[in-house]
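Data first, discussion second: the structure below is written as structure tokens.
The values are calculated or read from the model by the stated rules, or taken from the named source; none is laboratory data. Please read these numbers as outputs of a predicted model, since none were measured by experiment. So basically every Cβ, Gly included, is an ideal-geometry build from the backbone, and we count neighbours across all protein chains shown. Ligands, DNA and RNA are stripped out before the accessible areas are found, and what is left, the full protein with its side chains, is counted by its heavy atoms. Shrake-Rupley method; radii C 1.70, N 1.55, O 1.52, S 1.80 Å.
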Amino acid sequence: MKHSFLNMLALLICSRTLSRCFAFTPMPALKTARFASTAQFSNISDNKRQRRIAINVEPDASSTGTNSDSDSDTDTDTSVSPDPSPEIQTHLAEGLCAVYKPLEWSSNDVVMYIRGMLERDARGRGIKLPKRRSKSKKKVKVGHGGTLDPLATGVLVLGIGSGTKKLQEYLKGSKKYRAGVELGFETATLDMEGGREHVMANATKTGPTEHVTEDMIITDVIPQFTGDIMQKPPIYSAIRKNGKRLYEQARAGMTEDDIEIELREVSIHSLEYLSTDDNGKGLPCFGLDVECGGGTYIRSLVRDMGYALDTCATMTSLERTKQGQFGLDDALAKDDWSSENIYAAVERSNANLAALAEKEKEEE
């Protein structure tokens, strides 16, 4: 009994002590204070959020109240997140076109010139272009569909933008040329590089011409060079051999005796004799109209025809008159090269190709 009484007394004292300790902060008061504080911070957060929206939204006619059809307050999402403006295109048109390559320009010179022109146009429209070596899709893309030597002129097919992917078929496709020929001498480059005075002073071979007649050319020689023939490319060409371009090795002093240049099969679809060259000169000068497949060197054709005539020959001029569906009438002259004309030519080409595809589909 004594112990029970003492235990009850201890519990009573502890209970009174605890009541005094927490009397100044009753639990309901703590809960009320905590909830009030949460609501206060929520209001502050809402106010900040509203201020941020107010700062980001630019006033327009619908928000000033001047328009009777202004959006209501429930439409604020539309004004906060406007539709993005359409992306500016790097190329205004993509596809193929043709230009007339000037004399003494390399094919790469033309590509670089046109690319630079289109790059200036793109920058003028607000496009920030990457470096040319970049793999970015935003860079201006220009390529050509078959090399023309610097001393050649005529149709050069260009690919713009995605059109560069279509150029491979033009490298292999049919082409037409008009060439000038002069019998009696041969040069290292098989053309008139360096001018007539230089050529005549540095001819690598010479031969007679008095025995050559038009009938010999038309009847005996031209049939030999029509169809599929084997041809040896010129040493001054861009073909790679032993890891270097042939012309690089030739300029280093090597000759055909030092380099084994393999014969290649090429296709001559048609070969027509012209009684005069581009300057109106007759024998020992004459002209040729040639339609051939890809990989054909007209300089080599002229050289080999000279050998077949028991003499030697040099190509004095060369003009590409057609490549694929592009002829001289389709090729933009140098004075007409501008971004507007290039893009317009691409659009015409796209329309012509679409019409041709539709016609072929109907004929099937």
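A few notes on this one:
- Output for segment 100-112, where each listed residue is surrounded by 16 or more Cβ atoms within 10 Å (Cβ to Cβ) and either under 15 Å from the mean Cα position of the chain (by Cα) or free of Cβ contacts under 8 Å to residues at least 40 places away in the same chain (or both): S107, V110, V111
- Members of segment 157-187 that are open to solvent by less than 50 Å² (accessible area, probe 1.4 Å) and in contact with a Ser or Thr (Cβ under 6 Å, 6 or more places away or on another chain): G180, E182, L183, G184, F185, E186, T187
- Failed condition for A250, given (1) outside any loop (DSSP other than H, G, I, E, B); (2) at pLDDT below 95; (3) over 30 Å from R115 (Cα atoms); (4) open to solvent by 40 Å² or more (accessible area, probe 1.4 Å): (4)
- Yes/no for T255 being assigned by the TED database to the domain that holds L190, of a type in the set (V, I, T) and modelled with pLDDT of 90 or more: no
- Enumeration of residues in segment 271-296 that are among the charged types (D, E, K, R), surrounded by 14 or more Cβ atoms within 10 Å (Cβ to Cβ) and either outside any loop (DSSP other than H, G, I, E, B) or under 30 Å from the mean Cα position of the chain (by Cα) (or both): D289, E291
- Per-region count, segment 315-344, residues modelled with pLDDT of 95 or more, in contact with a strand residue (DSSP E or B) (Cβ under 7 Å, 6 or more places away or on another chain) and assigned to a loop (DSSP other than H, G, I, E, B): 3
- Unique residue being of a type outside the set (S, T, Y), outside the structural domain of S106 (by the TED database) and open to solvent by less than 10 Å² (accessible area, probe 1.4 Å) when the list is I342, I268: I268
- Residue count for segment 118-153 under the criterion of being under 28 Å from G295 (Cβ atoms) and either basic (K, R) or open to solvent by 20 Å² or more (accessible area, probe 1.4 Å) (or both): the result is 7.
- Among the residues of segment 188-232, those that are of a type in the set (V, I, T), within 42 Å of the chain's Cα centre (by Cα) and open to solvent by less than 30 Å² (accessible area, probe 1.4 Å) comprise T189, V199, V221, I222, I229.
- Counted residues, segment 245-275 - those being of a type in the set (S, T, Y) and farther than 16 Å from M305 by Cα: 2
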